[in-house]
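What follows draws every value from the coordinates through simple rules; no lab data is involved. For clarity, every value in this text was computed on a predicted model and none was experimentally measured. Backbone-built Cβ (ideal geometry, glycine too); neighbour counts: all protein chains shown.
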Amino acid sequence: MWTLDVNYLAVVVAAIVPMALGAVWYSPVLFSNAWLAAIGKTAEEISAQANQVQAFSIAIAASLISAYVLAVLAALSGASSILDGIILGLWAVVFIATASATWGAFEARPLRLWLINNGYYLVGLPIMGAIIAVWR
């Protein structure tokens, strides 16, 4: 059986990364306007439609699960350096980007939306991986 050496504090700290990054990435400072245009909505429509408590609860849970999965993969692969963690995060991006390309193609989503959303993962997951790999 596998012995998993997971640092749960590192998982929690790494889970903060996507939340903080998302607050900037999807803000008017970076990609909010382009993202809204790509999904065909206004900020007002998003605010009126979204259950903010539910949306943030899902985002927090997803961040924690993603960080835990990266920690398990780091333990299984022996990732223990910043570079190891970055590479681990990049492999996770490949998985997400290819999966989202498939559903984006069938949903006829614009390429711009795919680039914005996967750019977020391209930045966030390697940072998460680095935190987890080093802080074991």
- prompt: For residue 47 and residue 6 in the same chain, what is the full-extension length gain: residue separation times 0.36 nm, less their Cα-Cα distance, in nm?
  reply: 11.0 nm
- request: Take the alpha carbon atoms of the stretch 87-136, find their center, do the same for the stretch 11-62, and report the distance between the two centers in whole angstrom.
  value: 15 Å
- prompt: How many nm is it between the label spots at residue 58 and residue 33, if each spot is 7 Å from the Cα in line with the beta carbon?
  reply: 2.8 nm
query: Can you work out ³J(HN,Hα) from phi for every residue in the stretch 130-136, in order, using Karplus 6.51 cos²θ - 1.76 cosθ + 1.60 and θ = phi - 60°, giving whole Hz and x for Gly and Pro?
result: 5, 4, 5, 5, 6, 9, 9
Label assignment, percent of Cα pairs over 19 Å apart derived from the structure, set (i) 47; (ii) 55; (iii) 51: (ii)
